[in-house]
1. Pop a pseudo-label 7 angstrom from the Cα along the beta-carbon direction at both Ile99 and Trp143 and give the gap in nm to one decimal.
2. Note down the relative contact order for the chain as a percent, whole number, built from C-alpha pairs under 8 angstrom at least six residues apart.
3. Shape call for region 339-381 from the C-alpha gyration tensor, a ≥ b ≥ c root eigenvalues: rounded (a/c under 1.5), prolate (a/b greater than b/c) or oblate?
4. Once you place label points 7 Å from the Cα toward the Cβ at Gln160 and Glu278, how far apart are they in nm?
5. Among all stretches of the chain without exposed chymotrypsin sites (Phe, Trp or Tyr not before Pro) (DSSP loop, at most 15 other Cβ atoms within 10 Å), which one is longest?
6. If the only charges are +1 at each Lys and Arg Cβ and -1 at each Asp and Glu Cβ, what is the size of the charge dipole of region 230-317 around the Cα centre, to the nearest 20 debye?
7. Between the DSSP loop rule and a limit of at most 11 other Cβ atoms within 10 Å, which GluC sites (Glu not before Pro) in region 343-409 are left?
8. Of the DSSP beta bridges with both residues in region 1-156, give the percent that are antiparallel, rounding to the nearest 5.
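The values are calculated or read from the model by the stated rules, or taken from the named source; none is laboratory data. Here the structure is a predicted model, which is why all the values come from computation and not from measurement. Here the Cβ is made from the backbone with ideal geometry for all residues, glycine too, and neighbour counts use every protein chain on show. Protein only, heavy atoms only, side chains kept; ligands, DNA and RNA dropped before computing areas. Shrake-Rupley method; radii C 1.70, N 1.55, O 1.52, S 1.80 Å.
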Amino acid sequence: MSQFDYDLFVIGAGSGGVRAARTAAATGARVAIAEDRYLGGTCVNVGCVPKKLYSYAAHFHDAFEDAHGFGWTLPQAPEFDWATLRDNKIGEIKRLNGIYGKLLENAGVRLINARAKVLDAHSVEVDGERISAEKILVAVGGWPWVPDFPGNEYALNSNQVFDLERFPERFLVLGGGYIAVEFASIFNGLGADAHLVYRGDLFLRGFDQEVREFTRDEMAKKGVNLHFGANIESIEKVDTGLKVTLTSGEVLEVDAVLSATGRKPHLQGLGLDSLGIELDDGGYIKVNDRFETSEPSILALGDVTGGPELTPVALAEAMHMVAHHYGQPPKGPMNYDNIATAVFCHPNIGTVGLSEEAARERFAAIRVYRTDFRPMKHTLSGSEERCLMKLIVDDATDVVVGAHMVGEEAGEIIQGIAIAVRAGLTKADFDATVGIHPTGAEEFVTMRSESRRWPQNDA
């Protein structure tokens with residue numbers, strides 16, 4: 001018999017924690033998991049899932065407008081009811097919470113609804129109980145933070161924005177990452193006068209430059225007010241709302257301010273500092289290829305380790321970790337190359353592989369194929385929305401090393417393209433693929449003409 005109560009104790013029942021617990025239990029390991037808030041973590045409760053539902057809701061605004069060109073006439077002007085969307089979302093999240101609970105129960109994992117604290121290398125305290133485990137996994141994810149400025153107590157964080165009592169007719173988002181551009185688009189689509197304030201000269205740092213510029217122009221066409229090169233200096237509560245003063249000197253009055261300025265590892269009170277667990281300069285837990293911390297019996301994965309903060313990444317890390325410790329060890333470390341992602345702004349962004357700028361740094365020469373066009377749908381809808389598609393090719397091998405799209409259902413389309421990029425297919429393979437007509441996606445296999453190359457040919 002083992003000297004420990006459990007083989008694995010997981011702290012945090014988000015996507016990575018639940019997957020690790022279930023997968024480890026399937027190998028015969030005795031597993032317990034502790035969660036003090038909600039099952040499913042950020043993604044299910046205050047991230048990907050509710051955000052996508054709200055994005056769907058916001059798209060109806062365009063759909064109603066587009067319908068006229070196709071012969072549809074609405075008997076009256078459509079009206080949006082925030083409470084209906086909010087409460088239906090709450091019901092769906094409760095349903096998903098129940099599913100996660102059942103998954104753990106069916107896997108034989110003990111669930112403890114409380115915050116756990118690490119006492120030593122093999123012990124935790126949770127809900128007044130001391131529990132021992134051969135290994136302890138920290139998968140608590142991140143927590144949003146709000147910058148320090150006068151009146152920052154009036155700013156919402158991304159955990160709070162989904163459940164507002166009243167719909168903000170005037171809405172301001174601070175930030176330039178995924179969450180900021182998504183919520184600026186969402187509230188704009190739902191009918192708010194939406195503003196996005198970002199200190200840099202262009203949002204979505206790290207994405208392909210052309211994608212960033214194209215998205216900026218399309219969002220502006222849809223009515224999002226973009227304020228680059230500015231930050232919030234102060235927020236003051238006034239009788240008619242919130243008075244927001246920007247560092248540019250501009251003053252805006254709004255009903256709500258969302259601080260979408262990132263998340264930090266949610267490590268407070270876990271007790272890791274008493275064990276001397278090493279953190280990097282950003283406060284993330286350092287781990288090796290086996291997801292072991294500086295204390296080998298303490299493991300960590302997901303957003304607390306500073307990798308790509310994406311749900312599918314946490315799931316993949318969980319599978320990789322379990323294989324190392326409870327199954328057949330993988331032949332090498334987890335591969336983080338060519339991870340596809342989507343940004344659910346309006347229009348959507350889908351991307352996989354290298355940006356044009358990153359490809360220039362990695363390869364001696366590259367070719368770029370790109371197209372932007374007005375989708376077939378909008379020839380009748382009357383919308384001026386355009387779509388961008390782009391392939392980056394290593395000139396020496398003809399391998400497609402990057403694919404990018406800005407347009408309707410970009411995430412759905414790029415998921416398929418990601419398989420090709422991950423497999424190392426060449427531009428010749430793309431060219432030899434027969435397209436599906438008429439679709440927008442067929443453009444990825446019909447872009448025959450080179451748009452530009454780098455370095456530029458002097459001839």
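1. 2.8
2. Worked out over the chain, it gives 15 percent.
3. Oblate is the answer for region 339-381, as a/c is 1.5 or above yet b/c matches or exceeds a/b.
4. Between Gln160 and Glu278, the label points sit 3.8 nm apart.
5. By the stated rule (loop sites, at most 15 other Cβ atoms within 10 Å), 146-335.
6. The calculated dipole for region 230-317 is roughly 100 debye.
7. Glu384
8. Approximately 40 percent, going by the DSSP bridge assignments.
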